Amino acid sequence: MRLILMGPPGAGKGTQARFVAEHFGVPAISTGDIFRANVSQGTPLGVEAQRYMDSGEYVPDEVTNRMVRARIDEPDAAPGFLLDGYPRTLDQVEELDGMIAHTGHSLDAAVVLTVDAEELVQRLLQRAQTDGRADDTEDVIRRRQEVYTEQTEPLIGVYRERGLLVEVDGMGEVDEVTQRIFDALDDIPQS
Ligand code: ADP
């Protein structure tokens, strides 16, 4: 199973990614988590990524693409994977197409979680209090929403045209959303 999970910041991608990946027996690959791990370990990749992340901007495509390519090449991703937070730009869509084509497989679905704008801000402000993520301040949250609208929302149309889009209502309890995703995905054919 090869899946991508999309949605604006605060939609619940990271939370749902873990459950969905476990359900299908594939690794959940979160670009945000990989960047954060590199930042906390002080690797060269982390040093490069941090200044973009702290201001709510996207890390340059070239850096992100290289990182995802290396991760997908690891043996645990051979049977499939769930990507959380990638692709986020049209350039990344093309790169991912190439990576998957190279394995002789194809993408099975692009799941997008939809959540009201007001609810998104509430969730992120709440997370700011509990998790203390450096990019969960009000200004940076606003900038992340803008960048999402400008650069990532257009990808929904791309996957819709390809017939791969699975839209799931992301409002409500976590386990209700998980069940909606399972119900939607259990119907689709796997490559
Ligand atoms: P969010 O909850 O805002 O969706 P993530 O944890 O997925 O956040 O990502 C945090 C930050 O990591 C992003 O704001 C961005 O700077 C960087 N990042 C994550 N994925 C990508 C990507 N595919 N392309 C560029 N930058 C990315």
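Read the figures in this text as sums done on the coordinates, not as results from a lab. Treat the numbers as computed from the prediction; the structure is a model and nothing was measured. Note that each Cβ is placed from the backbone with ideal geometry, even for glycine, and that neighbours are counted across all protein chains shown.
Mind jotting down the distance between the C-alpha centroids of region 31-77 and region 93-154, whole Å? What the calculation gives is 15 Å, centre to centre. Taking the fewest neighbouring Cβ atoms within 10 Å as the starting point, the ordered list for Asp54, Asp116 is Asp116, Asp54.
Under the criterion of Cα pairs below 8 Å and six or more residues apart, the relative contact order for the chain equals 33 percent. Among the GluC sites (Glu not before Pro) found in region 13-91, those both in a DSSP coil and sparsely packed, with 16 or fewer other Cβ atoms within 10 Å of their Cβ, are Glu57.
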